[in-house]
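Before any comments, here is the structure.
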Amino acid sequence: MKYFLTGIGVAILSAVIAYLADNWSLMILIAGAFGLICLIYAAILSITSAKGGKDKRNFASERRREQRERSARIGGVLLMAAPNLLLAVIGFVYLG
């Protein structure tokens, strides 16, 4: 939940900055850039989890626990990206 709220906070901050600057294209730029950065980071985390770690001597339970933690991080980053990408798409459709 905290990741989603962080994403909403960044989306609101980008809207406030765009409002104060009286340039609504800034909202699309800030929210879209943040959303894309989060998506790229989630993709990198996903790729590294698919390859596995360098140290194969770990016990199976440790690898499962690490895998669950990485999956939770990926989900959190995607939750952070969602409101920003949604705001960027809505702004792009209505503003430009």
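Keeping to the range 1-29, report how many residues are assigned to a helix (DSSP H, G or I) and among the charged types (D, E, K, R). I'd like the intermediate steps shown before the answer.
We begin by selecting, within the range 1-29, every residue assigned to a helix (DSSP H, G or I); these are 2-21, 25-29.
From what's left, among the charged types (D, E, K, R): 2.
Total satisfying the criteria: 1.
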Only residues that are touching a Leu at 6+ places or on another chain (Cβ under 7 Å) and over 26 Å from TYR94 (Cα atoms): list them for the range 1-51, please. TYR3, ALA42
Being under 15 Å from ILE12 (Cβ atoms) and of a type outside the set (A, V, I, L, M, F, W, C) is the filter; apply it to the range 66-91 and report the residue that is surrounded by the most Cβ atoms within 10 Å (Cβ to Cβ). ASN84
Per-region count, the range 38-49, residues in contact (Cβ under 8 Å) with a residue 24 or more places away in the chain and within 18 Å of LEU79 (Cα to Cα): 6
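Here, each number is a calculation from the coordinates, and none is a lab measurement. Values in this document were obtained by computation on a predicted structure and should not be read as measured data. Cβ sites come from the backbone with ideal geometry, for glycine too, and all protein chains shown count toward neighbours.
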